[in-house]
Amino acid sequence: MITLTINDKTIHTQVGRSILEVARDNAIWIPTLCYHEALKPYGGCRLCLVELETPRGSRVVSSCTFPAEDGMVVHTNTKTIQQSRQIVAQLLLARAGHVPFIRELAASVGVNDTPYTLPQDTCVLCARCVRACQEIVGMSAISIANRGSDRVVVPPFKISSADCIECTTCVLVCPTDAITLDDITDSSRTVHEWQSEYARGACRLCEYTLNGN
Amino acid sequence: MKKLDTPQELDAWRESCKNELDHDRLRLRVCDGTGCRALGSQHVLTALRQAVNGNNVEIMTTGCPGFCEQGPLVTVDPQQIAYQQVTTKHVHKIISDTLGKGEVISELLYVDPSNGQPVTTESELPYYKSQMRRVTDLNGQIDPHQIEHYIAHKGYMALSKALYDMSPDGIIEEVIRSQLRGRGGAGFPTGVKWKFCRQSPGDEKYVICNADEGNPGAFTDRSLLEANPHRIIEGMIIGARGIGATEGFIYIRSEYPLAIENLNIALNQAREHGLLGKNILGSGFDFNIQLRLGAGAFVCGEETALMASIEGKPGEPRPRPPFPAQEGLWGKPSNINNVKSWASIPSIIANGAEWFAGVGTEKSKGTAMFSMVGKINNPGVVEVPIGISLRELIFDAGGGIPDGKSFKAVQFGGPLGGCIPAQYLDTPIDYESLTDLGATMGSGGLVVADESTCMVDLARYFMNFTQEESCGQCIPCRWGTKVMLDILTRICNGQGEKGDIETLEQLANTVKTASLCGLGQAAPNPVLSSLRHFRDEYEAHVYDKRCPSKVCWK
Ligand SMILES: Cc1cc2nc3c(=O)[nH]c(=O)nc-3n(C[C@H](O)[C@H](O)[C@H](O)COP(=O)(O)O)c2cc1C
């Protein structure tokens, strides 16, 4: 067992858990976007940042990736944290302000509009889909291409991937509905984001087909 | 050649190498580094080889001694007559006058701009006189393709001492006591890092040399890699022995073909002679080194991204902890150091920690290498004691500012560093004082700005670089740097608006605190430091629609 404090609340917990997990168990709210219980922590969205008090001064870390340690002093809502969350939320609004989920997320940290302008897209690059495909399904039918603000989620060479087993896990974990399965009753389905058509078949994991037979 | 089995065999070989190298010999040393090659040294070399054909003159190709501005460099031994800017048309005169009659060709000498006097010998050149060359002492003095030259200059003596006279813990203690700090950027104590890795549980450990050197304007690592690769290799073997690693990697950017060639030759020579591989020098210690080539991403210089890249994954950093010493390459404890850090090791082991720590400041010991470019008379690579002033570095070693212009600022640490204005010229250069000024030691790259440089434009230039090189994994760096660049571009185009400076500043502070890795955390530094020291230039652009240096929207 270890003992730490989060926002001055003393918490006992076992080793090997992240600060985020410990906080959530204790009903301490920390906003997240790229985090998903079923996936390895990624540390990409930076919404879950918290501030640690250390002998060498304060330190800002992502709570989803940082292990809770004995004697740790954590603050989840300092001025620095609030400001950085708000700026991240403003950047998200600039990218995907048309997505209800993003607007709600931004509102939860007190942000309702943005001073910034970015090319709009429903995909916010949280990489949940890519990670799910790799970590849960074990296929890597999609991945991230390009770097920086040119990043995109695509199947290899932007064409239908033979590795896709049509399990739709990516659709399930996508927080912004950037990946949608259209026309489910048709004999082919279109993943709009990737402009590619898949002949509908059974999921090779569970053999479930989308129209139920 | 038979593999060396004992330290005595190495010593005996050293004696014969020394005799071979005979210092009184008539010899032409021709710099064959990247800088001199770009200026035509290979033509000079071919012409020299043809011209001396059959005569009793040795031609030695060397790596870069650092005086790049004056290349191609040809030095005549044993007198050490230093010729600069040599072209093929000078070749016959060098042979007939200098080699033949012992006459010095004055038109090929460097003229000291401070007094107009020509300088005859290498050691009298002001460029070298203002330096303290400990890591670079053999740059330009030996042929990097000849292990015999390195051996003759005490090469691998420190390794033999580390293997036979010191325990692994003793090696680490020596490096800790030397107070060597990492030369790749953050300045973390090297010995302490080694100790973490040594203490980390596991039989399989790795050591890595970071030779990615992606900073625009930085080329200190390249000069060492090209001119004296054995010193880096020796440092890595000693480190591996201390840490208990069996395998090493040198991650080098593929834009350095000559360095890669020289490293490969050196690695093969070390293996052939039993200095690398199984049972090194008969000590029972096994260690090998492999090269890995980078593919042109700046972020791959960041240690966790670099290790991902070696593993064949996309070059993206990951949050720490776990630190490389806990879980590094393929999840095994790993220790990564910069080229200059590794190259500092052999002399620390050979001469002792006290010798190393004999120069420097209280918290930053030893010498440091800097590459200087931009508005400076002597662009090139220098090595100076840590703690000399910026003024000494830029005006003595660097030769000052060209065309009678005045010094404005120096960008220290490249795109992740900051600018330092003229009023701080007398600041001693060490890790702490640079950080206090909003700059960083970085990897030792300096870009010098004169009165005609616009600091806003310079900040925009670096922001453009980091924005392009951001891997895009985390939001602050992916989009924050993009918005920052948009604002800077607007300001530089004369379209800055009221509030832009404040927005830029706020965004910069958040990108710095919130980003995942060192790239995002340091990318705002050029903006923040220029806002700190040159805010009036930003204001002139935004409010008066005027670029004080007349660079923007001419
Ligand atoms: C974006 C980025 C680029 C970097 N590039 C380099 C590099 O090219 N060479 C280097 O030695 N260190 C580089 N570093 C620092 C490394 O992450 C690491 O700290 C260093 O290699 C450790 O070596 P040292 O302790 O000997 O300094 C970079 C860091 C960042 C954040």
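None of the figures in this text is laboratory data; all of them are computed from the coordinates on show. Computed from a prediction, not measured in an experiment: that's the story for all the values here. So basically every Cβ, Gly included, is an ideal-geometry build from the backbone, and we count neighbours across all protein chains shown.
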Checklist entry - Per residue of B:529-536, how many C-beta atoms from partner chains lie within 10 Å of its own C-beta, taken as a mean? => result 0
Item to check | Mean separation of Cα contacts under 8 Å (6+ apart) over length of the range B:165-279, as relative contact order % | outcome: 29
Item to check | Cα→Cβ-extended label distance, 7 Å offset, between B:LYS550 and B:ARG25, nm | outcome: 5.6
Item to check | Exposed GluC sites (Glu not before Pro) absent: longest stretch of chain A, with sites in DSSP loops and at most 12 other Cβ within 10 Å deemed exposed | outcome: A:38-206
Next on the checklist: Can you tell me what share of the DSSP beta bridges in chain B is antiparallel? A percent to the nearest 5 is fine.
Outcome noted: 50
Checklist entry - So what's the convex hull volume per residue for the Cα atoms of the range A:69-119, in Å³? => result 93
Item to check | q = 0.13, 0.19, 0.28, 0.30 Å⁻¹: log10 I(q)/I(0) that the Debye formula gives for the range A:1-60, counting C-alpha atoms only | outcome: -0.37, -0.80, -1.36, -1.38
Checklist entry - Whole number please: convex hull volume per residue of the Cα set in the range B:367-450, in Å³? => result 72
Item to check | chain B, relative contact order [Cα under 8 Å, separation at least 6], % | outcome: 14
Checklist entry - Just in the range A:1-72: which chymotrypsin sites (Phe, Trp or Tyr not before Pro) are loop by DSSP and have at most 15 other Cβ atoms within 10 Å? => result A:TRP29
Checklist outcome for this item: Rounded to the nearest 5, the percent of DSSP beta bridges in the range B:23-129 running antiparallel is 65
Checklist entry - With N residues in the range B:455-543, what two-decimal value do you get for its Cα radius of gyration over 2.2 N^0.38 Å? => result 0.98
Next on the checklist: Around B:THR190, under 9 Å between beta carbons, what's the net of Lys plus Arg minus Asp minus Glu among the other residues?
Outcome noted: +3
Checklist entry - Counting only other chains, what is the mean number of Cβ atoms within 10 angstrom of the Cβ of each residue in peptide A:137-148? => result 3
Next on the checklist: Test of the criteria: in the range B:69-169, which GluC sites (Glu not before Pro) are in a DSSP loop and have at most 14 other Cβ atoms within 10 angstrom of their Cβ?
Outcome noted: B:GLU103
Item to check | B:ARG177-B:ALA422 pseudo-label distance in nm [points 7 Å out on the Cα-to-Cβ vector] | outcome: 4.7
Checklist outcome for this item: chain A: relative contact order from alpha carbon pairs under 8 Å, six or more residues apart, as a whole percent, is 14
Checklist entry - Taking each residue of B:319-327 in turn, how many C-beta atoms of other protein chains fall within 10 Å of its C-beta, and what is the average? => result 2
Next on the checklist: I need the calculated FRET efficiency for the pair A:VAL73 and A:ALA38, taking r as the beta carbon distance and R₀ as 35 Å, to the nearest 0.05.
Outcome noted: 0.70
Checklist entry - Across bins of 10 angstrom width beginning at 0, how are the C-alpha pair distances of chain A distributed, in whole percent? => result 8, 29, 29, 22, 10, 2, 0
Checklist entry - Summing Lys, Arg as +1 and Asp, Glu as -1, what charge do residues with Cβ under 14 Å from the Cβ of B:ALA368 carry, B:ALA368 excluded? => result +2
Next on the checklist: Can you give the FRET efficiency to the nearest 0.05 for B:GLU432 and B:ASN268, using r as the Cβ-Cβ distance and R₀ = 45 Å?
Outcome noted: 0.60
Checklist entry - Running Debye on the range B:23-129 with equal point scatterers at the Cα sites and no solvent, what base-10 log of I(q)/I(0) appears at q = 0.13, 0.18, 0.19, 0.22 Å⁻¹? => result -0.42, -0.82, -0.92, -1.25
Item to check | Convex hull of chain B built on C-alpha atoms - directionally averaged projected area, nm² | outcome: 25.1
Checklist entry - Once the Cα gyration tensor of the range B:453-502 is diagonalised, what are the square roots of 5 times its eigenvalues, in whole Å and ordered largest first, as equivalent ellipsoid semi-axes? => result 20, 13, 7
Next on the checklist: Please compute the Kirkwood hydrodynamic radius over the protein assembly as shown, one decimal place, Å, based on all pairs of different Cα atoms.
Outcome noted: 28.6
Item to check | In order through the range A:150-156: 3J(HN,Hα) via Karplus (6.51 cos²θ - 1.76 cosθ + 1.60), integer Hz, x for Gly, Pro | outcome: 8, 3, 9, 9, 8, x, x
Checklist entry - Beyond 16 Å, what percent of the Cα pairs of the range B:412-477 remain? => result 53
Checklist entry - Roughly what would the spin-label model give for A:THR5 and A:ASP177, points 7 Å off Cα along C-beta, in nm? => result 4.5
Checklist entry - Counting pairs on different chains as well as pairs 8 or more places apart, how many Lys pairs in the range B:155-357 have Cα atoms under 18 Å apart? => result 9
Item to check | Stretchable slack from B:GLN495 to B:TRP330, in nm (0.36 nm times residue separation minus alpha-carbon distance) | outcome: 54.5 nm
Checklist entry - Suppose R0 equals 22 Å; then what is the FRET efficiency for B:ASP169 and B:ASP203 from their Cβ-Cβ distance, rounded to the nearest 0.05? => result 0.80
Item to check | Ordering of A:113-121, B:264-272, B:393-401 by packing [mean C-beta count within 10 Å, highest first] | outcome: B:393-401, B:264-272, A:113-121
Next on the checklist: Can you give the local net charge around B:THR453? Use residues other than it whose beta-carbon is closer than 9 angstrom to its beta-carbon, Lys and Arg +1, Asp and Glu -1.
Outcome noted: -1
Item to check | the protein assembly as shown: calculated mean residue ellipticity at 222 nm from DSSP helix runs of at least 4, using -39500 (n - 2.57) | outcome: -9500 deg cm²/dmol
Next on the checklist: What do you get for GluC sites (Glu not before Pro) in the range B:159-226 restricted to DSSP loop and a cutoff of at most 14 other Cβ within 10 Å of the site's Cβ?
Outcome noted: B:GLU204
Checklist entry - When ranked by the protection proxy of mean other Cβ atoms within 10 Å per residue, highest first, what sequence do the peptides B:327-333, B:7-13 form? => result B:327-333, B:7-13
